[in-house]
Amino acid sequence: MKLKKQNPLQLKNLFGCLSLIVLFTLFSCIVGCSHHEKAKNIFHYNEQSGIATLDPAFAKNQSIMWAVHQLYNTLVQTDNNLNLVPSLAKSWDISDDNLTFTFHLRNDVFFHDNNAFPDGKGRKMTAYDVEYSFKRIMDPATASSGAWIFNGRVDTVQPFRAVDDTTFQLKLIKPFHPILGVMSMQYCSVIPHEVVEKYGKDFRRHPCGTGPFELVAWEEDQAMIMKKNPGYFEKDSTGERLPYLNGIKITFLQNKATEFLEFQQKRLEFVNEIDPSFKDEILTKAGKLRKDWMGKIMLITHQALTIEYLGFLCDSSLAIVKNSPLKDVKIRKAINYGFNRKKMMLYIRNSIGTAATSGFVPAAFPSFDSSAVNGYHYDVPRALELLKEAGYPNGVGLPSFKLLTVPLYADFASYIANELLQIGIKIDVEVVQKSLLLEQTAKSEALFFRGSWIADYPDAENFLSVFYSKNPAPPNYTRYHNPKFDKLYEAALSEKNDSIRYKLYQQADQLVMNDAPVVPLWYDMLIWLVQPYVKNFVPNGLNLLELRRVKLDE
């Protein structure tokens, strides 16, 4: 019989399907349960942007962080209220000079089984693994995107030291209390040197951690499957070993509409964020589920450690600043007062998020206090008064300003421009690609631009660093410089007492609001669509996917 010739694309699709069949069959065998039980105990979610690597040293975006968080642990972790709590470290001490942090580790934690270990059996994790993991982040040969978390902060001679198997020390150059929050980042996941040495650059596809799940298979652009780590060290309050799930399946559908269809058909347990094209179908303007969806799905929202804002370049030594009226703080304040944030949130965002009428530090932080930091609200008379004081009554004689934004936020820029036009401030909205906007702001070439800041770790310092004059762009895209702010910021870094540190943060934030290098727009909100049978699925301000305690009761 003559075989029909296959074209390369058909063969590629054929092999892709065969790979997935093998992958899923393997998974079924590993979890060792019936089809019905498997359906109950496997958590499915989609990662639209794909997953580039499973190497924690490159956990620079959400898709990687979510996956890495399932496979690895860090010394400390954040709870649902953003408090720092023990993980691999049981406890820690801080020296009197605030320079040496000593972590006391658990002695019952084991790495996943891996062929790099003798007999393939995962060995016990020790402080020497922590030392190795942190040194690897700073090693130029690794080229980790997370090197910045230690650069300029840790001791240049001996920053990391394993005192013994269960004692690890980190030494700083100067006090930096937020280093504990840094320790909770996925960059700081603990890894075994044997596995890295065995796989080299291919470690990205052969992860080995101590986490609640371990990798089974990964067919790039198709699916990733993880299974429960039967020897995971954490237990619940009754003594039952976590996690409850048998495993996780991640798909990589690029189309949000297709993703939502999969969710409707209960092939996904949840959807992260609602695509703007169908948000009005699901949500009311008040941000609630429409009646048609009630009882069918759950809407979960949570304040996020994110702020959306507009920024002004403030370095008056630059020609584009020196020759612009935007160098006048009164003009910048007039823009802040001149549009209605709450109306913008209602009509464009379906009330997803909170109008930023306080400071730059988002509302989700423990240090947030709207009574302590006064920002900007909608006040046309005050805006007109400021324009008049600046020499431009009703905007007469004031040149137009170009506002750079990205396509996703074009609607918001247009809304703000239309509102400001009513008081005589003319804004020309220019929509550019994100890469170009980042390039121009990094080079201090954008006078007026749209910006966003997402927390790297749960400390308000991470947001205030955006205005520290000794920081380059990024993060100081506005090139803001105020010696009083710098003094408050530096004092907060060495302050152990939370209450005192929070007051310093608030005072620094208020100075920023007074000088108006930015226009805070809104404090963002996490929004999840979740199947009704998903239990214990709790969001947090860092939008970190936490699956250790999740149960599926379908």
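Readers should treat all values here as calculations from the given coordinates under stated rules, not as data from a laboratory. Fair warning: this is a prediction, and the values are worked out from it, not measured in the lab. Here the Cβ positions follow ideal geometry from the backbone for every residue, glycine too, while neighbour counts run over all protein chains shown.
A few notes on this one:
- Most to least packed among 93-99, 498-504 [average Cβ atoms within 10 Å]: 498-504, 93-99
- Rule-of-thumb Rg ratio for the range 497-548 [Cα; 2.2 N^0.38 Å; N residues]: 1.77
- Mean residue ellipticity (222 nm) of the chain, computed from DSSP H runs ≥ 4 via -39,500 (n - 2.57), nearest 500: -8500 deg cm²/dmol
- The range 304-526 - share of DSSP beta bridges that are antiparallel (%, nearest 5): 70 percent
- Amide proton proximity set for His44, modelled H, under 5 Å, gap of 5+: Lys249, Glu269
- Summary of packing: across the peptides 145-157, 418-430, the per-residue average of other C-beta atoms within 10 Å ranks them, highest first, as 418-430, 145-157.
- Of the cross-linked pairs Lys60/Lys266; Lys60/Lys535; Lys228/Lys535; Lys266/Lys535, those separated by over 21 Å at the C-alpha level are Lys60/Lys266; Lys60/Lys535.
- For the range 247-398, the fraction of alpha-carbon pairs lying more than 18 Å apart is 71 percent, rounded to a whole number.
- Overall shape of the range 115-154 was characterised from the C-alpha gyration tensor. The equivalent ellipsoid obtained from it has semi-axes of 27, 12, 6 Å, in decreasing order.
- Alpha-carbon radius of gyration plus Dmax, which is the widest Cα pair, for the range 304-526 in Å: 16.6, 51
- For the range 210-215, 3J(HN,Hα) per residue [Karplus equation, 6.51 cos²θ - 1.76 cosθ + 1.60, θ = phi - 60°, Hz, x = Gly/Pro]: 10, x, x, 10, 10, 5
- Whole-number percent relative contact order across the chain, with pairs defined as alpha carbons under 8 Å at least 6 apart: 18 percent
- A cut-off under 15 angstrom between Cβ atoms defines the neighbours of Tyr378, and their net charge, with Lys, Arg +1 and Asp, Glu -1, is +2.
- Look at the alpha carbon pairs under 8 Å that are at least 6 residues apart: their mean separation over the length of the range 304-526 gives a relative contact order of 36 percent.
- Amide H partners (placed H, <5 Å) of Tyr72, local residues excluded: Gly211
- Here the peptides 349-356, 378-385, 283-290 are ranked by packing, the mean other Cβ count within 10 Å, and the order with the highest first is 349-356, 378-385, 283-290.
- Amide H to amide H distances under 5 Å link Lys90 with His104, Leu105, Arg106, where only residues 5 or more positions off or on other chains count and H is placed in the peptide plane.
- For the range 333-464, a Kirkwood radius taken over Cα pairs fed into Stokes-Einstein (4 °C, viscosity 1.567 mPa s) yields D = 79 µm²/s.
- Calculated over the range 218-313, the projected area of the Cα convex hull averaged across directions stands at 11.3 nm².
- Where only alpha carbons of the chain are counted, the Rg and the Dmax (Å): 25.5, 91
- At most 14 other Cβ within 10 Å, DSSP loop - chymotrypsin sites (Phe, Trp or Tyr not before Pro), the range 508-554: Tyr533
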